[in-house]
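The values are calculated or read from the model by the stated rules, or taken from the named source; none is laboratory data. In this text, all values refer to a predicted model and were calculated from it rather than measured experimentally. Positions of Cβ are backbone-derived with ideal geometry, glycine not excepted, and every protein chain shown enters the neighbour counts.
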Amino acid sequence: MVEFDADFLSVLFHPNPAMPPVDRAKERVEHLIDTLSESGERILIPTPALSELLIALGRTAAAQAIDAIHGEAAFKISPFDERAAIELSLMSEVKPRGKKRKEQGGTWAKVKFDRQIVAIGKVNGVSKIYSMDNDIHNLAVREGLAAVGLQELPLPPPKTGELFPDREEK
């Protein structure tokens, strides 16, 4: 199982996601989902990331996104539950003379959200977190999980019949 954060979900569902531009971003994520689905891999969506997406979308688009997520067998929504709370407390344990934030940036609320996302992934046995957030990347790696950014995803193969897939049509 792998996990998507709000950035990856935004690429799929938001018309103008607020993130650094990546060439053919939506096609990359759709290709990743297709590849994962074909191999039987599930995609975990943690509820803190889902809430970030839904807030950004607004009511109508949020309802459409929920319908699309529920209509895709590859997706599994997972809450921040008791097991995740225990995992988060272990991840957040401060050693003597240690720092509470452990080099994480942003507001304290963002730090807690990021930790919830990683804790949910850990208790659900994800092997990899897909995210554009450097703080989530660093935390995932520190917790023994792989982290992959959008720019690292391969482009989908050219469609059959495309002689020059990278050439722009005139």
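Residue 45 passes all but one of (1) part of a helix (DSSP H, G or I); (2) closer than 15 Å to residue 130 by Cα; which number fails?
All conditions pass for residue 45, except number (1).
Determine whether region 138-156 contains at least one residue that is in contact with an Asp or Glu (Cβ under 6 Å, 6 or more places away or on another chain) and within 16 Å of residue 19 (Cβ to Cβ).
No, region 138-156 has no match at all.
Pick from region 92-124 the residues that are modelled with pLDDT of 90 or more and of a type in the set (A, V, I, L, M, F, W, C): which of them is nearest to residue 9 (Cα to Cα)?
117
Could you please tell me which pairs satisfy a Cβ distance under 9 Å, a separation of 6+ or placement on different chains, a first residue in region 8-22 that is under 14 Å from residue 32 (Cβ atoms), and a second residue that is small (Gly, Ala, Ser)?
Listed by first residue and then by second, the contacts come to 8/49; 8/131; 9/49; 9/65; 11/25; 12/65; 12/68; 22/149.
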